[in-house]
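Just so you know, all these numbers are worked out from the coordinates, no wet-lab data involved. Owing to the predicted nature of the structure, the values given are computational and were not obtained by experimental measurement. Cβ coordinates were reconstructed from backbone atoms using ideal geometry, including for glycine residues, and neighbour counts include every protein chain displayed.
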Amino acid sequence: MKFLLLNVFFIFSVIFSSTSYAGFETGISVFKNIPLKEKLLNIYTAVQKKTAEVEKTMIPKTGDNYKNIEQAEQAEFNELKIKRIKEACKLIGVPFDVFLAAEMLLAQGDKIFISDQFQKNKTFSNFLLKSQKSTAEELSKAISTLPAKYIVLKGENLESKLYSLLAASAYLEKNSAQRYHVVSLPSSLITNGMDIAKIEAVIFSLESYLKEKMVVHLDTLGGIEAGKPLPPSLLFLDALEKTQKDFRVPFVLNFTQNEVNVFSQTTLYKVAKDKIKEIETKSLSVEQLNDLAKVLLPEIQKKYSTVISERVITSLLKVAPILFPGENIVSSLNQLVKEVVESFTSNKEIELEQVKELVEKKYGKTNLFKTGLAGVDLSNKQEVLKVVLQVQDKVTKELIGQNDAVTKVSQAIEAHYMKKERKTPLSIFAVGLTGVGKTELGNLISKHLYGSNSLANFSLGNFSHVGDLNNLFGSAKGYIGSDEISEFEKFLSKNPSGGVIIFDEASNMGGDKQESKNAMFKRFYELLEEGKWTASKSGVTYNLGNYVFLFTGNDGEKIFKGVNNESYKELLWKENNSREKIFKMLTEVGVPEAFLGRLNEVFLFKPVTKETAIQIAKKFIKDFEKNYEISIKYIDKEKFFNNLVQATFFASEGARSVRNFIENRLGSYIVRASEEALRSGEALKSIKLAWQDNLNARVYAARSFKRQSFLKISISTDKHPKYSAFKSIDVSSDIIQVDLPTRAQVKETAYHEAGHGFLSFAKQTGQKLQFISVIPGRTSAGINYLGVAAYDKDIFTSLTYKNLIKRVAGLLAGGMAEKMAGYNLSSGWSNDLLQVRTIIQHAFLKGTVLEGKGFEFIRIQGKENNVKLSKEQEKRFQEEVEKVIILAKKEVVKTLTKKWSNVEKVVDLLMKKGTINAKEFSTIENDKSIREAWEVDSNLKVYQAASCKSLF
């Protein structure tokens, strides 16, 4: 439709009548019980028709120097055309301001007539009245109060504000017998120069003429941001305050809570606050959307003759307001359903995943179907709890091998969201090796808890002094940078419903300067304790109760440094994964205890094992297939992934090294193998992979060993679907090179560690064997080792004299087993002796082993290496030590002689596997059939006779 006034904004600014037309009654009966848009069209059409008649009588004055009538009309536009319209309005009894209101509203299109759209669907209108009852009652009271208020609807969703407004108008209509119309005007009317007071005046004229109430909703303010000028739609308050003029038509605006916070800090708000009414709105809950879906489902299935589930309808109801903001949700839903049905011709039930993919692709939006807390009403505890309780299962599936970390975080989240009030953020400190998944944990919590990418990752590792934190939180007022919005505030304002904030490498802040560390960590105290943060630039205070603060550190690297044996790593992880030990670990690098005491949870990430790396590699390959749009097959799938991980898994980098190879190198190798086909214009459809490696899980090798790996690739294309011959690509330069010990070294180590295992005496010593390994490594203290017999715990106290002997026997058994097998004592023997001396001294001086033996006088407080004894006391003390060692050696010879055949069986298995676990060891240790078939070697008998002599 072409409107008479081509520039309504210009007309408003040139001529404006403030006359009240409350007394007009002409045509009222004609307009009853029809939509507002029809009423306005009737007014507009009548004026247009009468204006055409007036044009025949009101022509340009003769004698003027105009070439033609068109030129005359153009020149006299500001005067003649308005005169014609005014005359037409007068002749049919329609006030000119009413015509201007009709012209303005019709020019905005159908979407603004919100009430008209919803009044067509009584089912939805009744649903809104029920679902938005409390808000509707409060809002209807504000709408009907005079003088009219400037009503601020607070909430994060546009649709929730519209629903509340419509429910209020329906409520008023139902309870007052007065017709209410809601029109939603774009704020661009004001930003383009129109005075909001003039809009109010013509709308009031229309209201008076129709004798029906009008409510004006401004769709958006264009955003209120800290430090920026207020939008024009708010500046009229300043003018109103100066003239003391009241509004007669209620205006309703949309605000987010953060916008309210910013606006409330302005002088304008403080001056005009008595004209402002703030009302909180709530979006439709999951249960309410489910109820609406149930109501609409039969009608939709009948209309489209399709099998579509209630779950799909509920999901489409959630996204409809996002795709069609401000529109009737039922109409929007029907449009989406129509698009979905037209895309699927099958009679089978349409799956939600298909719908998600279709809609997101069509509208170019990702993460459209919000899940998690982003899709629920945070005030509804039951809905929140449903989301929270699903986090653990979802994150566990994606964060492979970190069940303990996921469990602790999930339990902390559950406890946090069960609180009646969440005043402080959930604060967690995750410690662990590089590449174990600390950052990924934050990503997954964001994804599954908040249902979106509500994630910020701030790296603190390079922050050396407290001033560096200004880059994150902003500078105090008056300092350089204080006029800029900080990164921290940008995230909070963008994610008002909550999110995950990672403070990466937090323990590295301040370097090695304790004073700097203390000052920097102190900046976090208020955030963790008070749960509030005030932006220095805007002065806005943010509540942090719905956020997760994830602090990370690589401090656990010291524990696992150089440890190659995976079983030993797991044992070390178990020993150190306690709040007390992690606190100790962090305080040693300067993290203040006052900061740690404010945390909700701390934990140590489990090192990535080879088995875990294999599962992660399979996940990366799936992603690779999706990104490259190809299918991957294998000659031997398990062998391929075993060799892939064995060749690319660097323990110091965690799963990151495997991912880097797959993402950065595998693609180039495939292109190299497919180069000829690709140059010919063929498209890859599938590839087949194999991996050859000369390491083959070797425990030992010849001194000349050099590792080599080959990736074998066969391709299938659109033109040649049959797989090609394999192309072998040398990848040795991209993999880990290892130095393997010789066979003789490994076998000697195997006897040594097996000896320890056979003298463990778990019941007497309190130590339980976990595994035995001959894979070399380095301890956290920097000591190299060729093998290890690992126990679940180390006991120094509470030993009886008898059990002390057995404990010492376990330590001596390694070197003695070497001797019994015909080897010279290795370097491991000196370490065993050191432990023997330590444990005996500890037991004598700290325990009760010497009670009743006349040695009570040497049991003094303090460290045992600081004990000072007289020469006589020292002599007697050493005699007791030697006595324990001799008795322990007898125990070793007795046990190993009896079980020597079993010892050799363990050695054989270690030579093949490198590591055996407690169950495998126990099976061999207790196998009597092995022992009975063995005859004692004569050399062993000779050794046995001399074995009680000192080896020191």
Which of the residue pairs 569/894; 610/913; 394/584; 747/905 have a Cα-Cα distance greater than 21 Å in the structure shown? 569/894; 394/584
Given pairs 338/386; 517/558; 490/574; 277/494; 50/198; 706/768 and cut-off 28 Å on Cα-Cα distance, the over-length ones are 338/386; 490/574; 706/768
How much space per residue, in cubic angstrom, does the convex hull of the C-alpha atoms of segment 286-369 take up? 86
Pairwise over distinct Cα atoms, reciprocal of the mean inverse distance: report the Kirkwood radius of segment 482-546 in Å, one decimal place. 13.3
As computed over segment 490-584, the Cα convex hull volume per residue (Å³): 147
In which sequence would 466, 395 go, from the one with the fewest C-beta neighbours within 10 Å to the one with the most? 466, 395
How long is the gain from residue 268 to residue 729 if the chain were fully straight, where each residue apart is worth 0.36 nm and the alpha carbon distance is subtracted? 158.8 nm
Alpha carbon convex hull of segment 381-604, projected area averaged over orientations, nm²: 12.4
Which of 306, 57, 742 has the fewest Cβ neighbours within 10 Å, and the rest in rising order: 57, 742, 306
Fully extended, how many nm does the chain gain between residue 589 and residue 290 (0.36 nm per residue separation, minus their Cα-Cα distance)? 102.4 nm
To the nearest 0.05, the calculated FRET efficiency linking residue 526 and residue 177 through their beta-carbon distance, R0 being 45 Å, is 0.25
